[in-house]
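K.L.:
Dropping the structure in here first, questions after.
Quick note: the coordinates plus some simple rules give every number you see, no bench work behind them. Quick caveat: nothing in here was measured; it's all calculated off a predicted structure. No Cβ is skipped: glycine too gets one built from the backbone with ideal geometry, and neighbour counts run over all protein chains shown.
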Amino acid sequence: MPRLQTARLVLRGWQASDIEAHAAMSADPEVMRYFGGPVDREESWRRMATHAGHWALRGYGMWAVEREADGALLGRVGLWNPEGHPGLEVGWHLARHAWGQGYAAEAARAAIDWAWTVLEAPRLISLIHPENAASIRLADRLGERLLRHDTLDDEPVAIFGIARPSA
């Protein structure tokens, strides 16, 4: 898994030692509001393993996002496209203590740039719960535009998208 560096962040592979911070994030009802609700430590571990496995199967996936200054795990950002998904998604999910500081945008821009240059992806989407105003604002700042409303796993989603810039 490639390691990406931004001004303040390191996007890196998952480590077993990430479980404490990931489990805390996954147990927070506000953080998990649009992700199916809080989950316990065991489910948090399975989700970390799923993200690590996605890299092995697809060659891309969600990075663990670490703040460079202190090594704190802030959450995950990256690319997601499990079987049956409507397209290659750029997504973000950060712990509450990391909200409002521009980390999601910084990491998502790095993931998008990587998708354009390394994968040569023609387009990316983001699936966002229609009530998640913060993520909708972020999608807009990243240049994504609303494509349509749909459902995924019986949940409503707004699908945003962006095409790779012409060279």
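K.L.:
List the DSSP H helices in the chain whose Cα atoms stretch 15 Å or more along the helix axis and whose mean Kyte-Doolittle hydropathy is at least 0.0.
P.N.:
Length and hydropathy pass: 103-114.
K.L.:
Sticking with this one: Only Lys, Arg, Asp and Glu count, each charged at its Cβ (+1, +1, -1, -1), so figure out the dipole size of the chain about its Cα centre, rounded to 20 debye.
P.N.:
Using only the charged Cβ atoms, the result is roughly 520 debye.
K.L.:
Something else: Can you give me the three principal axis dimensions of the chain from its C-alpha atoms, in Å, biggest first?
P.N.:
40, 34, 32
K.L.:
Something else about it: Once the dipole of the chain is set up with Lys and Arg at +1 and Asp and Glu at -1 on Cβ about the Cα centre, which of Met32, Ile159, Ala110 lies farthest towards its positive end?
P.N.:
Checking the options against the dipole of the chain, the answer is Ala110.
K.L.:
Here is a further query. Only sites in a loop by DSSP and with at most 14 other Cβ atoms within 10 Å count here; which GluC sites (Glu not before Pro) in the stretch 26-59 make the cut?
P.N.:
Of the GluC sites (Glu not before Pro), the ones in loops of the stretch 26-59 whose Cβ has at most 14 other Cβ atoms within 10 Å are Glu30.
K.L.:
For the stretch 7-82, divide the Cα radius of gyration by the Kirkwood radius and give the resulting Rg/Rh value with two decimals.
P.N.:
Over the Cα atoms of the stretch 7-82, Rg/Rh equals 0.96.
K.L.:
With a 10 Å Cβ neighbour count serving as the proxy for reagent exposure, in which order, fewest first, do Leu57, Leu73 appear? Could the numbers behind the result be given before it?
P.N.:
Details: Leu57 11, Leu73 23.
Ascending number of Cβ neighbours within 10 Å: Leu57, Leu73.
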